[in-house]
Amino acid sequence: MELPTGPAPLVALTFDDGPRNSTTGRLLEGLELREVCSTFFLVGSRIEGSEALIQEMAAAGHQIGIHTYDHVMITDLSRQDFDLQVGKTRALLSEILGPGDYWLRPPYGIVDRSVVKWADGPLVLWSVDPEDWKDNDTGRIVAAVTEHVSDGDIILMHDIYDSSVDAALNIVDILLDRGYCFVTVEQLITLRGLQAEKGRLYTALRPAED
């Protein structure tokens, strides 16, 4: 995917809780057809059996991060338990894809000082949440995003539901028609002229005012 060189509005579409071969695979196919990159935060316990899918994900240019091993709240964990949840998932991804940063998205978006200290990378939150896990109403999910999104938003979705995959591809089509460019979270930070910082929380990255 070519990054924009002009003033196109940017948006980062992100997915939590996968991988799930059936739904994530269909999503990857749809994103490839549209030449769109996104960011996937994977649950470590769901990686086994999806290694080829994860390699496909990386080869297509998607950013891959960590959503803990068991999708647990990571605040108030001991260092040992934190490393089991985050470090173990990072190690699994490194075995499949090679060494990488593999940024963290904390489940439920909740962090404390220990999480910030131990994350060993940026922490990615979000600015648009259609709560796509609540129901299978694709139309509602699409509207919840397209009626509120703006330049620099990070959209939270989940790639383990068929309705969410349908909604995500619909959202992509609508926003592409509006002139949006889809980028990974890392690309969004770079295109805003910033450098990713360890321990920093990222929600949205608005364009600088003239």
Name the residue from Gly121, Gly44, Ser163 whose Cα lies farthest towards the positive end of the charge dipole of the stretch 10-202, charges +1 on Cβ of Lys and Arg and -1 on Cβ of Asp and Glu. Gly121
Given the Cα-Cα distance of His71 and Glu95 and 0.36 nm per residue of separation, how much length would full extension add, in nm? 6.6 nm
Work out which GluC sites (Glu not before Pro) in the chain are exposed loop sites (DSSP not H, G, I, E or B, at most 15 other Cβ within 10 Å) and give the longest gap free of them. 49-130
Would you look at the GNM of the chain, springs on alpha carbons closer than 10 Å, and say which of Ile96, Ile160, Ile171 moves the most? Ile96
Summed residue charge, Cβ within 12 Å of Val142's Cβ, Lys/Arg positive, Asp/Glu negative: -4
Taking 0.36 nm per residue of separation between Leu194 and Ala143 and subtracting their Cα-Cα distance, the length gained on full extension comes to 15.3 nm
Classified through the alpha carbon gyration tensor (a ≥ b ≥ c as square roots of its eigenvalues; rounded if a/c is under 1.5, else prolate when a/b is larger than b/c, else oblate), the stretch 159-210 comes out oblate
Over the alpha-carbon set of the stretch 10-202, work out the extent along each principal axis and list the three values in angstrom, largest first. 46, 35, 30
Average Cα contact separation per residue, the chain, under 8 Å, 6 or more apart, as relative contact order %: 30
Could you give the length gained on full extension between Ile110 and Leu176, defined as 0.36 nm per residue of separation minus the Cα-Cα distance, in nm? 20.6 nm
Most mobile of Val11, Val116, Val86 per a Gaussian network model of the chain (Cα springs, under 10 Å)? Val116
Determine the dipole magnitude for the chain: charges of +1 sit on the beta-carbon of Lys and Arg, -1 on that of Asp and Glu, nothing else is charged, the reference point is the Cα centre, and the result goes in debye to the nearest 20. 560
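Read-outs: derived from the displayed coordinates by stated rules, not from any lab. As the structure is a computational prediction, the values presented were derived from the model and not from experiment. Neighbour counts are summed over all protein chains in view; Cβ atoms, including those assigned to glycine, are modelled from backbone coordinates with ideal geometry.
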